[in-house]
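Quick notes on the structure that follows.
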Amino acid sequence: MTSRILLLAFAVSTLISSGASAQDNRPLAQVGVRPFYLVDTMKDGPLKDALKQCEGKPFYTKQFSISHRGAPLQFPEHTREGYIAAARMGAGVLECDVAFTKDRELVCRHAQCDLHTTTDILARPELAAKCSKGFEPADPVTGRKASAKCCTSDLTLAEFKSLRPKMDAGNPDATNVKDYMNSTPRWRTDLYVDNATLVTHKEFIALVKSLGLKFTPELKKPEVAMPFQGDYTQERYAQQMIDDYKAAGVAAKDVFPQSFELEDILYWIKADPEFGKQAVFLDDRDETDKGFDITKPESWKPGMKELADQGVKILAPPLWMLVSVGKDGSIVPSVYAEEAKKAGLGLISWSLERSGPLKDGGGYYYQSIKDITKRDGDMLVLLDVLAKQVGVIGVFSDWPATTTFYANCAGLK
């Protein structure tokens, strides 16, 4: 009897595996309960009805689902555990934001100088002493906010690896280090902090390669004078990132290098065209260019056609830039999105699940549609417009299960 049961279990397992291969040829994904919670909170209508039909179906890894720094809605960002969680949730592309250490090794960190909010460095006196700027407590009398500045370039690789990650947060009103560090937003969690581990860029590559997924490394803008230490130039930094993939035997087609600096994109296009043709120009000109107006193409310097003429293939703005409110009160593609499509640019956007509860309009990422953003399920409405009307090829998410769920339901790649 036992042998028959085992044989039956094997047969069922084989059938499921063969069905998965025939349908998608990608790993099964674990999307959990959150996507269904989001569906439940949607306004009644055809989209909600269609998404509800996906409950109980298998889900598969999708390239449309891009992991933003791992899975930082709940896991410390840029950690091995966060990346594995993202892979389990079906992210087909994983991101490492690349910064350099004092000894010029590349590591995964959102910004070169964020160690004071993303690690325990301030609680480690021997390492905190090496920070560019030590902890300064808040002063309620003068109104001064608490601050610190601790950079990857302040530490050697060995020192960086000795740090313990935490959820990204710092309390600006703290008068001591403990209160400054203990400031995770209520809508996130510290449940997965204790055993989290930092990773180098090379470790990230090895992990993602072992998972059979694609890569999207972002070259972070240096926060120290370049050339660093006299001869470490921006171009050497940009090339070092690409060289790590070559050394690991990763095909260029599996890598989507990113940067907010157009000069980095143009460098890759010229110096390493196989990698450069998939380079992603991250657009934050709404914050860096005072003359930028999302509704006026003439204010975009350079314009969409100019970017395309320089060889840029993929453009990645924040979510809000790609949408606006239509005359009927619905979400529609923005002028920015339409102009990008006219120029033949592929579009990726960032970042879903980064805004917390949406009951108050969603903040920065929803600013162009804040008046019609009222419930958490509205992020699925936005996602539907981005996919079907704007035509984005991928969306970054702090909780990739949401984008994986939608991509499967919508039949996306």
Rg followed by Dmax, in Å, when the range 37-84 is reduced to its Cα trace: 14.4, 39
Karplus-derived HN-Hα couplings along the range 318-334 (A = 6.51, B = -1.76, C = 1.60, θ = phi - 60°), whole Hz, x at Gly and Pro: x, 3, 5, 5, 8, 9, 8, 9, x, 4, 8, x, 9, 7, 9, x, 7
Straight-line reach check, residue 62, cutoff 25 Å on alpha carbons, 8 or more apart in-chain or any other chain, hits among lysines -> 48, 52, 202, 209, 214, 246, 253, 277, 313, 341, 388, 413
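Can you check what the net charge comes to around residue 196, using other residues whose Cβ is under 9 Å from the Cβ of residue 196 (Lys, Arg +1; Asp, Glu -1)?
Working: positive: 80, 164, 166; negative: 81, 194.
Result for the neighbourhood of residue 196: +1.
Label the chain by shape, choosing from rounded, prolate and oblate, from the square roots a ≥ b ≥ c of the eigenvalues of the Cα gyration tensor; if a/c is under 1.5 it is rounded, and otherwise prolate applies when a/b is larger than b/c, oblate when it is not. Kindly include the intermediate steps, with their values, before the conclusion.
Values: a/c = 1.33, a/b = 1.20, b/c = 1.11.
Because its axes are fairly even, with a/c under 1.5, the chain counts as rounded.
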The chain - percent relative contact order, Cα under 8 Å, separation 6 or more: 18
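Considering only the other residues whose Cβ falls under 12 Å of the Cβ of residue 372, what net charge follows from Lys and Arg at +1 and Asp and Glu at -1?
Values: positive: 43, 370, 374, 375; negative: 328, 371, 378.
Taking every Cβ under 12 Å from that of residue 372, the sum is +1.
Over the chain, with every protein chain in place, what whole percent of the accessible area is carbon and sulfur at 1.4 Å, could you tell me? Please report the intermediate quantities before stating the final value.
Working: 10000 of 18660 Å².
On the chain, the fraction of accessible area on carbon and sulfur atoms equals 54 percent.
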In the neighborhood of residue 177, defined by Cβ-to-Cβ distances under 11 Å, what is the net charge if each Lys or Arg adds +1 and each Asp or Glu adds -1? -1
Loop-located GluC sites (Glu not before Pro) in the range 189-259 whose Cβ has at most 16 other Cβ within 10 Å (DSSP): 223
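What ranking, highest mean first, results for peptides 108-114, 167-173 when packing means the other Cβ atoms within 10 Å averaged over each residue?
The densest-packed peptide leads the list: 108-114, 167-173.
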In nanometres, the difference between 0.36 nm per residue of separation and the alpha-carbon distance of residue 372 and residue 274 is 31.1 nm
GluC sites (Glu not before Pro) lying in DSSP loop within the range 31-103, provided at most 16 other Cβ fall within 10 Å: 55
The chain - accessible surface per residue (Å², probe 1.4 Å): 45
Membrane-span-like helices in the chain: DSSP H runs reaching 27 Å or more (Cα, own axis), mean Kyte hydropathy at least -1.0? 2-23
Quick one: go through the range 172-210 and flag any residue whose amide nitrogen is under 16 Å from the point 7 Å out along the Cα-to-Cβ line of residue 142. 173-176
Whole-Å distance linking the alpha carbon centroid of the range 341-413 with that of the range 152-205 is 27
Between 145, 102, 209, which gets the highest mean-square fluctuation from a Gaussian network model of the chain, Cα cutoff 10 Å? 145
Just order 277-285, 85-93 by mean Cβ neighbour count inside 10 Å, highest at the front, would you? 85-93, 277-285
Once Rh for the range 146-282 is found with the Kirkwood sum over Cα pairs, what is the Stokes-Einstein diffusion coefficient at 37 °C and 0.692 mPa s, in µm²/s? 189
Show log10 I(q)/I(0) for the range 61-107 at q = 0.18 Å⁻¹, two decimals, from a solvent-free Debye sum over equal Cα scatterers. -0.52
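The values are calculated or read from the model by the stated rules, or taken from the named source; none is laboratory data. The model shown is predicted, which means the values in this text are computed figures rather than measured ones. Backbone-built Cβ (ideal geometry, glycine too); neighbour counts: all protein chains shown. To get the accessible areas, we keep the full protein, side chains included, count just its heavy atoms, and leave off ligands, DNA and RNA. Shrake-Rupley method; radii C 1.70, N 1.55, O 1.52, S 1.80 Å.
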